[in-house]
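The values are calculated or read from the model by the stated rules, or taken from the named source; none is laboratory data. Only a predicted model underlies this, so the values are computations on that prediction, with no experimental measurement involved. Here the Cβ positions follow ideal geometry from the backbone for every residue, glycine too, while neighbour counts run over all protein chains shown.
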């Protein structure tokens, strides 16, 4: 998968020209990684599905990319105040509107990632109160009472599982 030349130019202009770019295939699990920075290896990886849809979700893509550039600029700082300052400077410099980013991230999650979760699910759980469905890539082995809805804390019910 080829990254646009402007992404490499952005790396250079922000003082991390030694970094290369790669792709992560994350997409089917409940915790989906949109980007990751490996500062020791000097590589920034972006989610394959976000790259494929970057024209439809440009603010979500740019925000994720700048997030990882901030990690490259501030290695070993995780999400502390120094890193947050660097990320906020980048967001201001490139004119990112936080409301647009949140809206696009929500749309991307609902339109793209939710479909991937359904496609790769091996087990589906349902909240009896809100009817919210949770799709799992890995089959949960523990007793049912251990899984609770994040919003209402009701005990989740298993509704489907892949047969072995």
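Remarks
- Leading residue by the ranking (modelled with the lowest pLDDT) among those in segment 8-31 that are part of a loop (DSSP other than H, G, I, E, B) and closer than 30 Å to residue 133 by Cα: 30
- Checking 67, 53 one by one, the residue that is surrounded by 13 or more Cβ atoms within 10 Å (Cβ to Cβ) and within 30 Å of residue 123 (Cα to Cα) is 53 and no other.
- Segment 135-164, subset buried (at least 17 other Cβ atoms within 10 Å of the Cβ) and modelled with pLDDT of 85 or more, residue farthest from residue 54 (Cα to Cα): 156
- All strands (runs of 3 or more DSSP E) inside segment 32-132 with 2 or more residues being more than 16 Å from the chain's Cα centre (by Cα) and touching a residue at least 12 places away in the same chain (Cβ under 8 Å): 123-126
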